[in-house]
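Asker: One structure, pasted below without further comment.
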Amino acid sequence: MDYLNAIVQVITYLVMYYAPAMVANASPVFVGRGTPLDFGKRFWDGRRLLGDGKTWEGLMVGMLFGSTIACAESVLLDSPALYVYGLMAVLGALIGDIVSSFFKRRIGLERGAPLPLVDQLDFYVGATAFMIAVGWKPEWKLVALGAIIIVILHKLTNLIAYYLHLKDVPW
Ligand code: CTP
Ligand code: MG
Ligand code: K
């Protein structure tokens, strides 16, 4: 397969199936401070259940922005199925991000501490799983290539967010 063609194909696939998830994952960063999802509660290990990086406001903003993209996309492409996949991808993305924070706290990582690949791909894995749950048949080669693009995109956007003072750390 010729490279340029492969890149165009994977980007088209990513935008079509993962744009709602990507927006849902990226938009909470604009919230800044908010009410923690765990309300400050601690787990048996004495550490925070999720930490201050997971807020109700972030969750709401992610759902709102993500589902807006899902709706717009399904209308534009005249595909009701894309709306269902989009909404599921939004939920999966936000839940995947929350689950990974839960495990980060369990292994003793503070809020915002980097966990390479998991930090960048938690939402992607969550979105993929939730779309599959409602009947999506993924093109695995494109999903894998998409993961590589997501990691690169994540590094770039976090760097930009850091320089715009939206994030305290550049990862
Ligand atoms: N955010 C939020 N609510 C969410 C998800 C994210 O408010 N449900 C905001 C927080 O301000 C968070 C930022 O988006 O700091 C970036 O998200 P992320 O990198 O996932 O959180 P971290 O701060 O790195 O926390 P963790 O170590 O738990 O991943
Ligand atoms: Mg982080
Ligand atoms: K994350």
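The values are calculated or read from the model by the stated rules, or taken from the named source; none is laboratory data. It should be emphasised that the depicted structure is a prediction, and the values quoted were computed from it without experimental measurement. FYI the Cβ positions are ideal-geometry reconstructions off the backbone, even for glycines, and counts take in every protein chain you see. Accessible surface is based on the protein model in full, side chains and every heavy atom, while ligands, DNA and RNA are left aside. Shrake-Rupley method; radii C 1.70, N 1.55, O 1.52, S 1.80 Å.
Asker: Over the alpha carbons of the range 103-159, what is the largest minus smallest coordinate on each principal axis, giving the biggest first in Å?
Answerer: Reported extents, whole Å, longest axis first: 36, 26, 14.
Asker: Take the cross-link list K54/K155; K54/K137; K41/K167; K41/K155; K104/K167 and give me the ones stretching past 25 Å between alpha-carbons.
Answerer: K54/K137; K41/K155
Asker: Quote the FRET efficiency, to the nearest 0.05, computed for T12 versus W44 with a Förster distance R0 of 41 Å and r equal to the Cβ-Cβ distance.
Answerer: The value I calculate is 0.35.
Asker: I would also like to ask the following. So how exposed is T55, as accessible area in Å² (1.4 Å probe, rounded to 10)?
Answerer: Estimated to the nearest 10 Å², T55 gives 10 Å².
Asker: For the range 1-106, state which trypsin sites (Lys or Arg not before Pro) are in a DSSP loop and have at most 10 other beta carbons lying within 10 Å of their beta carbon.
Answerer: R33, K41
Asker: Something else about it: So what is log10(I(q)/I(0)) for the chain at q = 0.08, 0.13 1/Å, when the Debye sum runs over its Cα atoms only?
Answerer: For the chain, the Cα-only Debye profile gives -0.25, -0.65.
Asker: F103 to T157: FRET efficiency via 1/(1 + (r/R0)^6), r the Cβ-Cβ distance, R0 35 Å, to the nearest 0.05?
Answerer: 0.95
Asker: Oh, and also: What do you reckon, how do D97, D78, D2, D38 stack up by accessible area (1.4 Å probe), largest on top?
Answerer: Per-residue accessible area, sorted high to low, gives D78, D2, D97, D38.
Asker: Further question on the same structure: Between C71 and A129, what is the label-point separation in nm under the 7 Å Cα-to-beta-carbon projection?
Answerer: Reported label-point gap for A129 and C71 is 2.8 nm.
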